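Chemist: Below is the structure I would like to discuss, written out as structure tokens.
What follows draws every value from the coordinates through simple rules; no lab data is involved. From a predicted model like this one, the values you see are computed outputs, not experimental measurements. Cβ coordinates were reconstructed from backbone atoms using ideal geometry, including for glycine residues, and neighbour counts include every protein chain displayed.
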Amino acid sequence: MSPVPSYFDKSTTLVDGHSTADVNSLKPHHDGFGTRAVHVGSEPNKETGAVVPPISLATTYKQDGVGNHKGFVYSRSGNPNRNALESVLASIEGGVHGLAFSSGTAATATVVNALGSDVHILSVNDVYGGTYRYIKRVAGECQGVTSSYVNLQDEDDKAILSAFRPNTKLVWIESPTNPTLRLVDIPRIVRLAKSHPSKPLVLVDNTFLTPFYSSPLLQGADIVYHSVTKYINGHSDVVMGAVVLPAHHAALAEKLRFLQNAIGAVPSPYDSWLAQRGLKTLHLRMRAHGVNALAVAKALQSSPYVEDVLYPGLPSHPQTALAYRSLSSHALKFVEKYRKDNSSPEDASFPYSGMISFRIKGGAEEANRFLTSTRLFTLAESLGGVESLAEVPAQMTHGSIPPAERELLGIGDNLIRLSVGVEETEDLVHDIEQALEAAVRPQPPREPSITTGPTAVGPWPGHPPLMSSPKLPVHQGGKSSIIRGWVLKAGFRRPTVPSLASFR
Ligand SMILES: *Cc1c(COP(=O)(O)O)cnc(C)c1O
């Protein structure tokens with residue numbers, strides 16, 4: 001067995017009301033989320049005193065006699081950096097068994113493999129596309145696994161239960177769903193699963209909320225799943241996945257541990273080290289993501305150029321009450337303090353992670369113009385990094401879904417998804433406002449208009465200058481070029497509309 005780096009003692013997993021029965025009798029302590037994120041698996045090095053764990057790149061480890069080793073044999077089976085990361089992941093999720101994989105998708109593959117053949121998986125209907133593809137195309141076609149996709153948000157108990165089969169072994173929840181940010185009531189689905197004779201495991205993909213905002217294991221889930229690639233690593237430089245299980249699932253964890261090694265989709269020590277470094281600031285980043293996203297969501301909501309904003313922290317979201325009541329205890333503490341300090345009592349909005357979707361007035365053309373008019377939000381897939389990203393799901397992340405199905409899921413051509421980063425709040429709000437203006441304001445006449453003079457920087461006469469932000473250096477007298485009748489100052493991005501094909 002590999003030694004799990006211990007932080008004080010095994011009771012680090014005793015958190016936030018998690019049952020003490022299945023842990024040990026050591027004195028429990030109650031370090032908060034951020035303290036655990038920083039310290040678990042990161043004790044000062046015994047030999048050198050280094051406060052950061054060294055990166056252990058070795059693939060193999062010396063044995064003093066056959067089978068007599070220090071807990072590490074071969075790096076695929078375990079190495080100090082992966083073990084350290086796994087222990088802190090388990091701790092911040094309120095679980096005991098943490099397992100890291102080379103991607104979220106590799107974690108999906110390993111979990112589904114653990115179920116065996118002849119099984120049925122019941123999944124939330126708008127599950128992450130890669131998860132759908134794995135279950136349907138890989139497990140379905142290569143392993144004989146069957147699957148159904150159910151609206152776990154709106155269907156009543158009876159309808160959901162009727163989708164269970166005698167061989168349903170896994171319920172796959174994602175909450176909020178992507179990109180329409182619908183919430184699944186986790187305790188409700190856990191209750192339904194437990195009431196069914198097939199006793200399926202309940203897995204929650206917690207990628208969007210992270211253990212900072214949501215603790216699915218404490219809500220009764222059997223497995224919590226992450227694409228570590230997103231918020232947990234948080235810096236858009238590692239692809240990785242993980243699962244965490246509670247103490248009472250030791251046998252299942254053992255099976256997954258076997259498969260982790262036997263299938264071999266493991267992360268490198270270096271990536272494990274990077275992800276652990278990223279994770280140490282998860283609590284700080286998630287607060288900032290939430291505060292920024294709320295400000296951007298409010299700006300979108302008050303814009304005349306926006307049809308609809310989807311953010312569970314806004315009172316207009318149909319499930320905002322569920323979002324609030326399912327906040328983890330540490331997030332609730334943060335949210336309540338934030339509201340006390342920042343909002344009036346009648347403002348019921350609150351920070352709730354960093355993902356927003358909204359429908360811009362118009363269609364694909366306006367959406368594309370918005371996405372090429374932002375200065376700080378980068379047009380790109382993925383999410384959860386410190387930098388803000390924007391994308392149009394219908395043509396990018398969800399482009400493989402047939403149009404009719406997309407329509408049913410509410411993923412129209414004017415739906416834009418934002419991953420709000422941790423830049424300064426005002427800069428992000430300003431960027432969104434100017435991009436909306438550039439995207440939806442009546443478009444300029446095709447004829448070239450007056451273009452002389454250093455102040456004529458708007459797209460047409462009377463338009464406010466595009467570089468009006470007091471925060472941005474305006475290059476007075478700098479290089480400018482004339483494009484389609486616009487005078488563009490150096491440094492300002494040309495607001496042309498690329499063809500849809502170029503987004504792929
Ligand atoms: C990205 C993502 C995955 C897949 O993770 P990879 O690390 O890209 O393999 C799974 N679920 C959600 C919600 C994701 O966003």
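Chemist: Please work out the Cα convex hull volume for segment 45-90 and give it in Å³ per residue.
Modeler: Enclosed volume per residue, from the Cα hull, is 96 Å³.
Chemist: Give the calculated FRET efficiency between LYS62 and HIS30 to the nearest 0.05, with a Förster radius of 35 Å applied to their Cβ-Cβ distance. Let's see the in-between values first.
Modeler: Details: r = 40 Å, r/R0 = 1.13.
Taking R0 as 35 Å, the efficiency between LYS62 and HIS30 is 0.35.
Chemist: If each residue of separation counts as 0.36 nm, what is the full-extension length gain between SER302 and SER77 once their alpha-carbon separation is subtracted?
Modeler: Values: separation 225, 0.36 × 225 = 81.00 nm, distance 5.31 nm.
Separation in residues times 0.36 nm, less the Cα-Cα distance, equals 75.7 nm.
Chemist: Mind checking the dipole of segment 283-441: about its Cα centre, +1 per Lys or Arg Cβ, -1 per Asp or Glu Cβ, Debye to the nearest 20? Walk me through the numbers on the way to the answer.
Modeler: Numbers: 15 positive and 21 negative charges, 109 e Å.
The dipole magnitude comes to about 520 debye.
Chemist: Quick one: which of 59-68, 211-220 comes out on top by average Cβ neighbours within 10 Å, and what's the full order, highest first?
Modeler: Details: 59-68: 9.3, 211-220: 25.6.
Top of the packing list down: 211-220, 59-68.
Chemist: Next question, about the same structure. Restricting to DSSP loop positions (anything but H, G, I, E, B) with no more than 14 other Cβ atoms inside 10 Å of their own Cβ, which GluC sites (Glu not before Pro) remain in segment 42-114? Could the numbers behind the result be given before it?
Modeler: Details: sites: GLU47, GLU86, GLU93; in loops: GLU47, GLU93.
When the GluC sites (Glu not before Pro) of segment 42-114 are filtered for loop state and at most 14 Cβ neighbours within 10 Å, GLU47 remain.
Chemist: When Lys and Arg each count +1 and Asp and Glu each count -1, what net charge do the other residues less than 13 Å away from PHE72, Cβ to Cβ, add up to? It would help to have the intermediate numbers written out before the result.
Modeler: Values: positive: LYS62, LYS70, ARG76, ARG82; negative: ASP64.
Counting the neighbours of PHE72, the net charge comes to +3.
Chemist: Right, here's the next one. On a full-extension model of 0.36 nm per residue, what is the gain between THR378 and GLU155, subtracting their alpha-carbon distance, rounded to one decimal in nm? Kindly include the intermediate steps, with their values, before the conclusion.
Modeler: Details: separation 223, 0.36 × 223 = 80.28 nm, distance 3.64 nm.
So the extension gain works out to 76.6 nm.
Chemist: Given a Förster distance of 51 Å, report the FRET efficiency between ASN167 and GLU346 from their Cβ-Cβ distance, rounded to the nearest 0.05.
Modeler: Working: r = 51 Å, r/R0 = 1.00.
Efficiency for this residue pair is about 0.50.
Chemist: If packing is taken as the average count of other Cβ atoms within 10 Å, what order do 432-440, 184-192, 97-105, 143-151 fall into, highest mean first? Walk me through the numbers before you get to the answer.
Modeler: Numbers: 432-440: 21.7, 184-192: 18.9, 97-105: 23.6, 143-151: 16.7.
Per-residue Cβ counts within 10 Å, averaged per peptide and sorted highest first, yield 97-105, 432-440, 184-192, 143-151.
Chemist: To continue, here is another question. Which FRET efficiency value, to the nearest 0.05, is calculated for GLU426 and VAL51 with the Förster distance at 35 angstrom and r the Cβ-Cβ distance?
Modeler: Details: r = 35 Å, r/R0 = 1.00.
In this case the efficiency is close to 0.50.
Chemist: With each label point set 7 Å from Cα along the Cα-Cβ vector, what nm distance links ALA364 and ASN261?
Modeler: 5.1 nm
Chemist: Under the definition of Cα pairs under 8 Å and six or more residues apart, what whole-number percent is the relative contact order of segment 357-397? Kindly include the intermediate steps, with their values, before the conclusion.
Modeler: Values: 31 pairs, mean separation 11.4, N = 41.
For segment 357-397, the relative contact order is 28 percent.
Chemist: Also: With charges only on Cβ, +1 for K and R and -1 for D and E, what is the dipole size of segment 58-171 about its Cα centre, in debye, rounded to 20? Please report the intermediate quantities before stating the final value.
Modeler: Values: 10 positive and 10 negative charges, 113 e Å.
Approximately 540 debye in magnitude.
Chemist: Here is a further query. Report, to two decimal places, the Cα Rg of segment 326-436 normalised by 2.2 N^0.38 Å (N = number of residues). Each step should come with its number before you reach the end.
Modeler: Values: Rg = 15.9 Å, N = 111, 2.2 N^0.38 = 13.2 Å.
The value comes to 1.21.
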